[in-house]
Number of protein chains: 2
Amino acid sequence: MAAAGEPPDQPGDAITASERKAAGLPRREFLRSGLGAAGAAVLGPGIDPAAAAESQPNLPPNVPEWTRNLGDGVASRPYGVPSRFENGVIRRTVSWLTPTDTTAVSFAPLQDLYGVVTPSGLAFERYHAGAPTIDPAAHRLMIHGLVERPRLLTVADVMRFPSVTRTAFIECAANGSTEWRGAQMPGLQFTHGMLSCSEWTGVALSTLLNEVGVKAGAEWILAEGADAAAMSRSVPLAKALDDALVVYAQNGERLRPEQGYPLRLLLPGWEGNINVKWLRRLKLGDQPWNGREETDRYTDLMPDGLARQFTWVMEAKSVITFPCPEKPLAAPGSYEVSGLAWSGNGKISRVDVSFDGGNNWRSASLQAPVQSKCLTRFRIDWHWPGTGALLQSRAIDETGYVQPTITQLRAVRGVNSIYHNNAIQTWRVSPSGQVENVQLA
Amino acid sequence: MAAAGEPPDQPGDAITASERKAAGLPRREFLRSGLGAAGAAVLGPGIDPAAAAESQPNLPPNVPEWTRNLGDGVASRPYGVPSRFENGVIRRTVSWLTPTDTTAVSFAPLQDLYGVVTPSGLAFERYHAGAPTIDPAAHRLMIHGLVERPRLLTVADVMRFPSVTRTAFIECAANGSTEWRGAQMPGLQFTHGMLSCSEWTGVALSTLLNEVGVKAGAEWILAEGADAAAMSRSVPLAKALDDALVVYAQNGERLRPEQGYPLRLLLPGWEGNINVKWLRRLKLGDQPWNGREETDRYTDLMPDGLARQFTWVMEAKSVITFPCPEKPLAAPGSYEVSGLAWSGNGKISRVDVSFDGGNNWRSASLQAPVQSKCLTRFRIDWHWPGTGALLQSRAIDETGYVQPTITQLRAVRGVNSIYHNNAIQTWRVSPSGQVENVQLA
């Protein structure tokens, strides 16, 4: 079966030095592949691959250790974990950002993620009183207030209703909060990492409301968590009847503890905080409750001194995930620039990318299927000539909304806001290939 | 804010006994919800909820332990894991099925999964010499043989090419192998658990082939792994140029070790074995190599004594995942019956479900988006009267192919086959609600 000019081979043969030579891989091929010194690692420390191929045809076959020895058995990992070579791909925290470890946040490593699904182990976390460990057999969901038939449901009761699966992003309203007054965070994980996207399975909240019977006059629902903060928010009935879910599964398995196990409210496209975790209570009423999380927090103080309230929808936004401060460019040449775009108002219809700070734009390709209220991966080819560059992405959603610049956003909202910064992100690429978080004047 | 007739409340209030009473949850509500004795657990052992609500208005509020104490802090889980209450949801092995722990298989717990994405930690495993732990910095992918420009690529080289993301199932050709000669496995995890579905990201193999330049006469590619088995298969060039990928990411993060870290071949819709893990070599040739894994194994011995070879495509198949032997029915009543359908030839166009062993069929709803060569979740409502029943599902794909019965399959292929059993699965529900794996005459 060997091609002309090559030694015969059999499946399972090692890539030998002589075979490498026969395959036409002399020293210049290593250099062309950009391997340089790293290429030597194939043969082992101190062995020059070209010299080995050309002058040492009897060199022992290059068989790495993992091909010479049996690997791990199946019983070793009933529940799998990433390779130890990926142990730097973790959620990270910022100690000065929040008062304690239990009233805190962790950021997803967007710079190391691919596609649109966020692995559940890396989905961002936000707690107000820590992540509780709840016994699902003892947990209850109470639905009461302005309803015909109040119910106290077990988790098994909830899981017996007809189910729905959908993919949706969740973004903390405070994602990018540090950037309102200037570029402050050093990298992508901290400018945009309070963002995750998962496949969720649960029951439509409309199904549960149909079960209890909504009384006339009901317009709002208090959703309350079973954590020690008893985190609660007021949800308008219209959203509850539209696309809200009470979810129990994420990315194919039951919710993770830090994501609300055993039950979580999911309001697709709305700010993270209102997707109440560890859901224990839904109370229907005729007015919002105006609790702490929708008055003291999660409001937007405007330049005139008044605050916007109930700004739930996460408007269209995007960010380039490669290159980024954590993933610089190695050398001039051709690259695929990639990133994520999302909108709480529906599907992403277009993402434009600029390499000169917004003077010229090209449209990126969007990874199919583009789903509503879901992360969308975009990609665009770029030849980097090795000069300075200003990279930006701009999302447009199906409503026609165009992601604004930080200048446009400040012109309307001032600089007192904490939440809802969906401005275009600028990465400055230096001639050395380093990437920096900057804001243009 | 309180509704008429209820005590005032504030967000964060516990669900007290008096509130429960005010919400209209006397004893009959507990019974109606099917909670019975379990409902008492809300208040603690030995406390009757109705009695508490009606006769002990001053009972301390029912605040569970996890609402009274701070939960875990963010620093406690840089990479998250499931709740300890889910520690029974694991991959499982069958000791008698394979000779050693490193030449073995583990099965995914389909009975505990939701939606269509399989969590990477639960994706089925199949090794021929164990799962190697590969240093990605030392790993190389060699592309040679009938090509213009042979290459030895680092993982970083591979990741620099334009990328593609798609969701696809992988099913071992031997999934259901034990059932060819009768119903042998006791549950869903072992009848169908060599099946997973993931979001994959990598580079199109056509892109890599374009880089090396395919020489005239090349028709086949030898794909070889870096494991100690040097697992290899012959891949026709047409498939390589169609939708084959060399993937490095799964479900948003880098491949898991047992799934081929750092590089894996993905041939959407084709039997698991040919999706070579730990990919180290692609050699182009003019004929197949006829290695062990495509002659001694992964062929189908037919009744006439001849063997089918190169039966790569996994034809349309489906299975009901609830109820199943591991998830029996608790009591007569309304249920959502749910399952998975897939086809290596494209999209699933319809799934029919029978409750009487195939005499009558109803079409199930399909979860959107239905994607090609991907698991599709189907659902159908069923009122179980508490009698015996024979549950079946039947997948039809976009080519018009209809999933066969085991009788139809045996009529063509006999009973010597190990691989490619895509027969309709029958679950027998007994009047007690237990579910059993059976085959109909």
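One table, with the values for the structure above:
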quantity: Contacts under 7 angstrom Cβ, first residue in region A:191-217 being under 30 Å from A:Lys317 (Cα atoms), partner of a type in the set (Asp, Glu), 6 or more apart; calculated: A:Thr191/A:Glu179; A:Met194/A:Glu171; A:Leu195/A:Glu171
quantity: Filtered residues of region A:248-269 (kept if in contact with a helix residue (DSSP H, G or I) (Cβ under 7 Å, 6 or more places away or on another chain) and either more than 18 Å from A:Leu205 (Cβ to Cβ) or among the hydrophobic types (A, V, I, L, M, F, W, C) (or both)); calculated: A:Asn251, A:Glu253, A:Arg254, A:Arg256, A:Leu263, A:Leu267
quantity: Residue list for region A:308-346, restricted to those being among the aromatic types (Phe, Trp, Tyr) and either part of a strand (DSSP E or B) or in contact with a Ser or Thr (Cβ under 7 Å, 6 or more places away or on another chain) (or both); calculated: A:Phe322, A:Tyr335, A:Trp342
quantity: Members of region B:329-369 that are free of Cβ contacts under 8 Å to residues at least 12 places away in the same chain and over 28 Å from A:Asp157 (Cα atoms); calculated: B:Asn359, B:Asn360
quantity: Residue that is surrounded by the fewest Cβ atoms within 10 Å (Cβ to Cβ), among those in region A:161-172 that are within 7 Å of another protein chain (Cβ to nearest Cβ) and out of contact with any helix residue (DSSP H, G or I) (no Cβ under 7 Å at 6 or more places or on another chain); calculated: A:Thr165
quantity: Single unsatisfied condition, A:Arg181 versus (1) surrounded by 21 or more Cβ atoms within 10 Å (Cβ to Cβ); (2) basic (Lys, Arg); (3) within 27 Å of the chain's Cα centre (by Cα); calculated: (1)
quantity: Top-ranked residue in region B:80-98 [being out of contact with any Pro (no Cβ under 8 Å at 6 or more places or on another chain) and part of a helix (DSSP H, G or I); ranked as nearest to the other protein chains (Cβ to nearest Cβ)]; calculated: B:Glu86
quantity: Residue in region B:298-307 that is within 29 Å of A:Asp72 (Cα to Cα) and assigned to a loop (DSSP other than H, G, I, E, B) present; calculated: yes
quantity: Odd one out for A:Asp356 among (1) surrounded by fewer than 16 Cβ atoms within 10 Å (Cβ to Cβ); (2) more than 30 Å from A:Asn416 (Cα to Cα); calculated: (2)
quantity: Subset of region B:230-248 (residues that are assigned to a helix (DSSP H, G or I) and within 26 Å of the chain's Cα centre (by Cα)); calculated: B:Lys239, B:Ala240, B:Asp242
quantity: Within region A:120-137, tally of residues that are within 18 Å of B:Arg68 (Cβ to Cβ) and surrounded by 23 or more Cβ atoms within 10 Å (Cβ to Cβ); calculated: 5
quantity: Identity of the residue in region A:102-111, more than 7 Å from chain B (Cβ to nearest Cβ) and surrounded by fewer than 21 Cβ atoms within 10 Å (Cβ to Cβ), that ends up modelled with the highest pLDDT; calculated: A:Gln111
quantity: Enumeration of residues in region B:112-145 that are at the interface with chain A (Cβ under 7 Å from one of its Cβ atoms) and of a type in the set (Phe, Trp, Tyr); calculated: B:Tyr114, B:Tyr127
quantity: Selected residue (criterion: modelled with the highest pLDDT) from residues of region A:54-66 that are farther than 19 Å from B:Arg256 by Cβ and not in a loop (DSSP other than H, G, I, E, B); calculated: A:Glu65
quantity: Which numbered condition B:Arg350 misses (of (1) closer than 18 Å to B:Asn421 by Cα; (2) part of a strand (DSSP E or B)); calculated: (1)
quantity: Hey, B:Pro431 over 20 Å from B:Cys172 (Cα atoms) and assigned to a loop (DSSP other than H, G, I, E, B) or not; calculated: yes
quantity: Matching option when the condition is closer than 15 Å to B:Asn175 by Cβ and in the same structural domain as B:Leu153 (by TED's automatic domain parsing), among B:Glu294, B:Glu271, B:Glu258, B:Glu253; calculated: B:Glu271
quantity: All positions within region A:414-438 that are over 13 Å from A:Ala389 (Cα atoms) and touching a strand residue (DSSP E or B) at 6+ places or on another chain (Cβ under 9 Å); calculated: A:Gly414, A:Asn416, A:Ser417, A:Ile418, A:Tyr419, A:His420, A:Asn421, A:Asn422, A:Ala423, A:Ile424, A:Gln425
quantity: Top-ranked residue of region A:359-371 - restricted to ones that are touching a Lys or Arg at 6+ places or on another chain (Cβ under 8 Å) and within 14 Å of chain B (Cβ to nearest Cβ), ranked as surrounded by the fewest Cβ atoms within 10 Å (Cβ to Cβ); calculated: A:Ser365
quantity: Top-ranked residue in region B:285-313 [being in contact with a Leu (Cβ under 9 Å, 6 or more places away or on another chain) and modelled with pLDDT of 95 or more; ranked as farthest from the other protein chains (Cβ to nearest Cβ)]; calculated: B:Trp312
quantity: Residue match in region B:372-391 (condition: part of a strand (DSSP E or B) and surrounded by fewer than 16 Cβ atoms within 10 Å (Cβ to Cβ)); calculated: yes
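Yes or no, residue by residue, for (1) under 12 Å from A:Ile424 (Cβ atoms); (2) away from chain B (no Cβ under 14 Å); (3) touching a helix residue (DSSP H, G or I) at 6+ places or on another chain (Cβ under 7 Å):
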site	(1), (2), (3)
A:Thr376	no, no, no
A:Asp381	no, no, no
A:Ser393	yes, yes, no
A:Asp397	no, yes, no
A:Thr407	yes, yes, no
A:Arg410	no, yes, no
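The values are calculated or read from the model by the stated rules, or taken from the named source; none is laboratory data. Please read all numbers here as calculations on a predicted model, not as lab measurements. Here the Cβ is made from the backbone with ideal geometry for all residues, glycine too, and neighbour counts use every protein chain on show.
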